[in-house]
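Worksheet for the structure shown next.
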Amino acid sequence: MGVGRPAGPASRLLAGVEGAADAQAALAGISYASMAVVTLAYPSAAFPAPLTGSGYLVPAVDGHPVKAVTYSSLKWPHLRSAEPGMIVVRCSIGRIGEEEVLHRDDADLATLAAADLAGATGVRGRPASHRVTRWGGALPQYTVGHLGRVERIRAGVGRQPGLAVCGAAYDGIGIPACIATARTAADQILAHLCAPRGAAGPDRPPGGGEWSPGRGRRARPRRGGPPGPCPRNGTNDSPPTRGGPSG
Ligand SMILES: Cc1cc2nc3c(=O)[nH]c(=O)nc-3n(C[C@H](O)[C@H](O)[C@H](O)COP(=O)(O)OP(=O)(O)OC[C@H]3O[C@@H](n4cnc5c(N)ncnc54)[C@H](O)[C@@H]3O)c2cc1C
């Protein structure tokens, strides 16, 4: 089973799982930041010069509430064609320890973001429209000791045959990093499902015996070969087929 929940719910899921107490504690030690995305739309003429690039980042030491700006209309051309003559930008507000600013109402946050954007780009006037999207507890924080925590999580989870974790809490919060953890988790689960029955090591349930498919623990190998997603040649190079025969 792959656990792709944020660290808090993942930690609670591990409650009572044999050998996973340390992993559970390490998961609970990963904190999350909340943020709000303020999307602003301006007539392109409001900008003193055409925007270039895809946006900018603002370090915490600069003391601005907006920590990142994406020039959405430049990054995603379909936005330009949907609203010709308009420029849509996305301002991110909220750093760890600065949650107070997120208590402001939507109109206030939009004003704050627009003022910051005007300071950075020179855009004139009020935005033609705005939308505030709040993301509570969305960004895991990689604080000192994070690598050790991840090691403890993987060690504890790895003791459970066929169990793996994935998502933003481990190796990077960007989508490519999340996908990589999901692929690794899927490979681990597949390796477990495809291991020969009765093999020694982590493929055996605690206390011995066989995994039961009825408990979602172990896919029973098909007669004359490994379970559906298992390659016949002993490698995992080819993509698994869903429910169909492999090879
Ligand atoms: C506003 C914002 C903008 C971003 N922009 C970018 C970007 O431009 N590029 C980029 O690479 N990354 C970006 N990221 C980061 C990236 O999107 C995330 O890190 C990534 O999507 C997280 O994937 P995940 O699978 O770990 O978590 P999620 O996609 O959040 O999946 C977690 C799942 O767990 C479920 N869940 C939550 N709580 C529970 C519970 N208690 N019980 C059961 N299920 C639960 C949720 O419903 C969800 O399905 C952005 C993040 C945010 C918040």
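The values are calculated or read from the model by the stated rules, or taken from the named source; none is laboratory data. Just so you know, these numbers come straight off a predicted model, no measurement behind them. Every residue, glycine among them, receives a Cβ derived from its backbone with ideal geometry; neighbour counts consider all protein chains shown.
Any residue in the stretch 169-182 that is more than 8 Å from the ligand (Cβ to nearest atom) sitting within a Cβ distance under 6 Å of a residue that is assigned to a helix (DSSP H, G or I)? List the pairs, counting only those 6 or more apart or interchain.
Tyr170/Val150; Tyr170/Thr181; Asp171/Ala177; Asp171/Thr181
If you scan the stretch 165-189, which residues turn out to be in a helix (DSSP H, G or I), out of contact with any strand residue (DSSP E or B) (no Cβ under 7 Å at 6 or more places or on another chain) and crowded, with 20+ Cβ neighbours inside 10 Å?
Thr181
Tell me which helices (runs of 4 or more DSSP H) are completely within the stretch 7-106 and hold 2 or more residues being under 30 Å from Pro161 (Cα atoms), or say none if there are none.
The qualifying helices (runs of 4 or more DSSP H) are 7-13, 21-28.
Among the listed residues Ser31, Ser73, identify the single one that is buried (at least 18 other Cβ atoms within 10 Å of the Cβ) and touching a residue at least 12 places away in the same chain (Cβ under 8 Å).
Answer to the selection: Ser73.
Under 8 Å between Cβ atoms, at least 6 apart or on separate chains: pull out the pairs that start in the stretch 1-20 with a residue that is in contact (Cβ under 8 Å) with a residue 24 or more places away in the chain and end on any residue that is hydroxyl-bearing (Ser, Thr, Tyr) and outside any loop (DSSP other than H, G, I, E, B).
Close Cβ pairs satisfying both conditions: Pro6/Tyr32; Ala7/Tyr32; Gly8/Tyr32.
Is it the case, given these coordinates, that Met86 is away from the ligand (no atom under 12 Å from the Cβ), under 19 Å from the mean Cα position of the chain (by Cα) and more than 16 Å from Gln141 (Cα to Cα)?
no
Quick check: anything in the stretch 125-132 in a helix (DSSP H, G or I) and not small (Gly, Ala, Ser)?
No: the stretch 125-132 contains no residue that is in a helix (DSSP H, G or I) and not small (Gly, Ala, Ser).
Is it true that some residue in the stretch 38-57 is of a type in the set (Gly, Ala, Ser), within 14 Å of the ligand (Cβ to nearest atom) and within 19 Å of Trp135 (Cα to Cα)?
The answer is no; no qualifying residue exists.
With respect to Gly94, determine if the residue is within 13 Å of the ligand (Cβ to nearest atom), in contact with a helix residue (DSSP H, G or I) (Cβ under 8 Å, 6 or more places away or on another chain), without any contact (Cβ under 8 Å) to a residue 60 or more places away in the chain and not assigned by TED's automatic domain parsing to the domain that holds Gly162.
no
Taking the conditions exactly as written (over 30 Å from Ser44 (Cα atoms) and more than 16 Å from the ligand (Cβ to nearest atom)), does Val144 satisfy them or not?
yes
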